[in-house]
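Notes follow the structure.
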Amino acid sequence: MLSPALHPRRRARDGARRLGWWMMAPTLAVLAANSIFPLLYAVTVSFKNYQILIPVPHRWVGFANYGKIFSDHLFWSSLGVTMWFVAGVVFLQFPLGMGLALLLHRLRRFQDVLVTLLLIPTIVSSAVAGFQWVQLFNYAFGPINYLLGLLHLGRPTWTADPALALPALIFVDLWQWTPFMTLLLFAGLRSLPGSVVEAARMDGSTVWQIVWRIYLPLLRPIIGIALILRVLMTFKLFDIIYVLTAGGPGTVTENLAFFTYVQGFRYFNLGYASALAILQLIVVSILAKALIQLTKRSGIGGREAAA
Amino acid sequence: MRRQGIGLSDLVCGFALVVALFVFLAPVLWMLITAVKPPGEWLNEPPVFIPSELHWANFTDALFKWGGLKGLTDSLIVASLSTVLSLLLGVPAAYAIGRYQTGGDNLSFTVLSILFMPPVAVAIPMYLFWSALGLIDSYTALILQYMVFNIPFLTWVLKGFFEDIPRDMEDSAMVNGATRWRAFWEIAVPLARPAILAVSLLAFIFSWNEFFFALILTRANVTTLPFILPVLMEGHDVLWGDIAAIATLGALPVVILAFALQKYLVRGLSFGTLR
């Protein structure tokens, strides 16, 4: 009884498997050629003394490039800059994004229009956004300094001031990405069952109690996802630094990505830059793994395979 | 059920939203104002808040004098081709992962992790790779490079969507003699159309806006809009009106698309993580 029934089913499964691989093949070919092989190449370069500007034969140097990273004070300062951006995400973007999401959630109408309007800073190119802030921060002709002047608050040079350049960039990142944070949290709020909140409201809970005791605990997985996603993106941050400060003044606003770019494309220390790149990749993969575990456990993102 | 009437807290919330909206849109507004200022008002102290006339010549200068037209064309070529090609490859891949679990969890994680890869991590080998092929400053290199990020993104989003579509319809089609491929192409794909539209929009926006690889892989032959902006800003920092016009032209298609496909945008951006 069993075996004739099993047979066609196994054949069906083989057919599905074969078709599945055929459907994946072109994607795998493109991704392998354009990311996996380059990555493997970067790994080999990271173990060599590969420098374009110095015409010495390339040889294997073992972990020398990696060792150099940890004694390079520029690495540590760029790591510090990256961490400041991460702190901006966690302590500024998240609370602000949450607040805005709660405000939007209260609205009865216009939610989609408002979200789309708010998202304009996120969806325009960083080059465009960067230009807007170059204008706004301008020492002599910018509207920010004009308004500060009216209030007799002085005239900072913003992106040229070693003390203000990094806060200014963190502010631009805040402006650019808080709407995205809002969007994720708002979509999360919308997916909550309304009955829970209504029940709490009937109990006579205040708004704060509802937020603290109901929204935040229920949203925890989504908050985790939003935070990890934004931290991952912060590790890639490059564009607005390039446009607004180019890492300066000095190296005050050089984050890890920008430092790696400078090593690779300005000084052509390809071995060293590759080692830096691999190091970042390891950190990012760990974060990405955590993100995916989180989406799975919450049952929100990828569903467990049902086969 | 919500309370009826408008209370004090509603007013406070409304006010907060208006303030937020102003803060997030003021820089955009300033760009638009600059784009229509006559040259004499670009660099003024104090800055000019309301232009004395609408100087549309900034836009013609931007398009024809400073390479804006070439920039728009190149951005359009690169963004649309990389989006279409990514769909052609990514939709079947997403279906294979979602429906057949091809390659299991490890493969889908590998594909997905490419999405989070810092571009700078592959920049050096990619630069050497495209140089070796003589494709630096070519459409091919940029299009393929963007596909590397578009494909994992749309695979991730669409995989979940295909998992959600009930299997029954495809199964019954196959009982009636349809091949697996036809079940995919004629049943699953049409059902997933809203999701496909949403991810295409986002892939297009990403490719239209991308800056880092444009900076590294192009010179003078291919000049996408994000690429020419910083070049102009460095070279001629007094051309604010013209640069603002180019920036506006670069932002406009994205914003129009976003509004036209509003519902999909909100869903598309969020259901990568929430569905």
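The values are calculated or read from the model by the stated rules, or taken from the named source; none is laboratory data. Just so you know, these numbers come straight off a predicted model, no measurement behind them. Glycine gets a Cβ as well: all are built from the backbone with ideal geometry, and neighbour counts include every protein chain shown.
Based on this model, can you work out whether B:Leu135 counts as at pLDDT 90 or above and outside the structural domain of B:Ser200 (by TED's automatic domain parsing)?
Values: at pLDDT 90 or above: yes; outside the structural domain of B:Ser200 (by TED's automatic domain parsing): no.
So B:Leu135 fails the test.
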Please specify each residue of region A:272-300 satisfying the condition of being modelled with pLDDT under 90 and either of a type in the set (Gly, Ala, Ser) or over 17 Å from the mean Cα position of the chain (by Cα) (or both). A:Ser285, A:Ala288, A:Ala290, A:Gln293, A:Lys296, A:Arg297, A:Ser298, A:Gly299, A:Ile300
So, B:Ser75, is that one farther than 17 Å from B:Ile243 by Cα, assigned by TED's automatic domain parsing to the domain that holds B:Ile165 and at pLDDT 95 or above or not? no
Taking B:Ala198, is it within 11 Å of another protein chain (Cβ to nearest Cβ) and surrounded by 22 or more Cβ atoms within 10 Å (Cβ to Cβ)? no
Quick count over region B:212-243, residues being part of a helix (DSSP H, G or I) and over 15 Å from B:Met126 (Cβ atoms), is 15
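Could you pull out the residue among B:Val157, B:Val148 that is buried (at least 23 other Cβ atoms within 10 Å of the Cβ), modelled with pLDDT under 85 and under 20 Å from A:Ala288 (Cα atoms)? If you could, list the steps in order and put the result at the bottom.
Working: B:Val148 fails: modelled with pLDDT under 85.
It is B:Val157.
Hey, which of the helices (runs of 4 or more DSSP H) in region B:167-211, taking only ones fully inside, have at least 1 residues that are under 30 Å from B:Gln145 (Cα atoms), out of contact with any helix residue (DSSP H, G or I) (no Cβ under 6 Å at 6 or more places or on another chain) and touching a residue at least 40 places away in the same chain (Cβ under 8 Å)? Break it down into steps so the answer makes sense when it comes.
Numbers: elements: B:168-175, B:180-183, B:193-209.
In region B:167-211, B:193-209 are the helices (runs of 4 or more DSSP H) which contain 1 or more residues that are under 30 Å from B:Gln145 (Cα atoms), out of contact with any helix residue (DSSP H, G or I) (no Cβ under 6 Å at 6 or more places or on another chain) and touching a residue at least 40 places away in the same chain (Cβ under 8 Å).
Matching residues to (1) more than 7 Å from chain B (Cβ to nearest Cβ); (2) surrounded by fewer than 21 Cβ atoms within 10 Å (Cβ to Cβ); (3) in contact (Cβ under 8 Å) with a residue 12 or more places away in the chain; (4) over 23 Å from the mean Cα position of the chain (by Cα):
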residue	(1), (2), (3), (4)
A:Leu104	yes, no, yes, yes
A:Leu107	yes, yes, no, yes
A:Leu118	no, no, yes, no
A:Ala129	yes, no, yes, no
A:Gln132	no, no, no, no
Check on A:Ala87, among the small types (Gly, Ala, Ser), within 24 Å of B:Ala260 (Cα to Cα) and out of contact with any Pro (no Cβ under 8 Å at 6 or more places or on another chain): no
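Condition first: free of Cβ contacts under 8 Å to residues at least 24 places away in the same chain and surrounded by 16 or more Cβ atoms within 10 Å (Cβ to Cβ). Can you find one or more residues in region B:233-240 that meet it? Walk me through how you get there before you give the answer.
Keep residues of region B:233-240 that are free of Cβ contacts under 8 Å to residues at least 24 places away in the same chain, which gives B:233-237.
Now restrict to residues that are surrounded by 16 or more Cβ atoms within 10 Å (Cβ to Cβ): B:233.
There is at least one residue in region B:233-240 that is free of Cβ contacts under 8 Å to residues at least 24 places away in the same chain and surrounded by 16 or more Cβ atoms within 10 Å (Cβ to Cβ).
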Unmet criterion (only one of (1) assigned to a helix (DSSP H, G or I); (2) modelled with pLDDT under 90) for A:Phe268: (1)
With the structure loaded, tell me whether A:Ala32 is within 14 Å of chain B (Cβ to nearest Cβ), farther than 22 Å from B:Ala123 by Cβ and surrounded by fewer than 16 Cβ atoms within 10 Å (Cβ to Cβ) or whether it fails that test. no
Can you name the condition, by its number, that A:Thr178 falls short on among (1) closer than 20 Å to A:Leu104 by Cα; (2) crowded, with 16+ Cβ neighbours inside 10 Å; (3) more than 9 Å from chain B (Cβ to nearest Cβ)? (3)
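Of all residues in region B:33-49, which are under 21 Å from A:Phe137 (Cβ atoms) and either among the polar types (S, T, N, Q) or surrounded by fewer than 20 Cβ atoms within 10 Å (Cβ to Cβ) (or both)? Break it down stepwise before answering.
The initial filter retains those residues of region B:33-49 that are under 21 Å from A:Phe137 (Cβ atoms), namely B:33-35, B:37, B:41-49.
Passing the criteria: B:Ile33, B:Thr34, B:Leu43, B:Asn44, B:Glu45, B:Pro46, B:Val48, B:Phe49.
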Condition first: of a type outside the set (A, V, I, L, M, F, W, C), at pLDDT 85 or above and not in a loop (DSSP other than H, G, I, E, B). Now tell me which residues in region B:1-39 satisfy that. B:Gly14, B:Pro27, B:Thr34, B:Pro39
Scan region A:222-241 for residues that are facing another protein chain (nearest Cβ under 9 Å) and of a type outside the set (A, V, I, L, M) and report the count. 4
If we scan region A:241-249, do we find a residue that is assigned by TED's automatic domain parsing to the domain that holds A:Leu291, more than 25 Å from B:Leu232 (Cβ to Cβ) and of a type in the set (S, T, N, Q)? no
Residues within region B:128-155 that are touching a residue at least 24 places away in the same chain (Cβ under 8 Å), more than 8 Å from chain A (Cβ to nearest Cβ) and at negative phi, tallied: 12
B:Gly67, sole failed condition from (1) surrounded by 16 or more Cβ atoms within 10 Å (Cβ to Cβ); (2) closer than 22 Å to B:Ile196 by Cβ; (3) more than 8 Å from every other protein chain (Cβ to nearest Cβ): (2)
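Being of a type in the set (Gly, Ala, Ser), within 21 Å of A:Met181 (Cα to Cα) and touching a Leu at 6+ places or on another chain (Cβ under 8 Å), is that true of even one residue in region A:100-114?
Of the residues in region A:100-114, the ones of a type in the set (Gly, Ala, Ser) are A:101.
Right, trim to within 21 Å of A:Met181 (Cα to Cα) and you get A:101.
Okay, now just the ones that are also touching a Leu at 6+ places or on another chain (Cβ under 8 Å), so A:101.
Checked against the condition, which is being of a type in the set (Gly, Ala, Ser), within 21 Å of A:Met181 (Cα to Cα) and touching a Leu at 6+ places or on another chain (Cβ under 8 Å), region A:100-114 yields at least one hit.
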Name every residue in region A:219-246 that is more than 27 Å from A:Ala160 (Cα to Cα) and free of Cβ contacts under 8 Å to residues at least 24 places away in the same chain, in order of residue number. A:Arg220
In region A:135-176, the residues that are touching a Pro at 6+ places or on another chain (Cβ under 8 Å) and closer than 29 Å to A:Leu102 by Cα: A:Trp175, A:Gln176
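Mind checking whether some residue in region A:93-107 is at pLDDT below 90 and either outside the structural domain of A:Leu276 (by TED's automatic domain parsing) or in contact with a Phe, Trp or Tyr (Cβ under 8 Å, 6 or more places away or on another chain) (or both)?
Within region A:93-107, the first condition is being at pLDDT below 90, and the residues that meet it are A:105-107.
From the residues that got through so far, the ones that are either outside the structural domain of A:Leu276 (by TED's automatic domain parsing) or in contact with a Phe, Trp or Tyr (Cβ under 8 Å, 6 or more places away or on another chain) (or both) too are A:105.
Checking region A:93-107: at least one residue is at pLDDT below 90 and either outside the structural domain of A:Leu276 (by TED's automatic domain parsing) or in contact with a Phe, Trp or Tyr (Cβ under 8 Å, 6 or more places away or on another chain) (or both).
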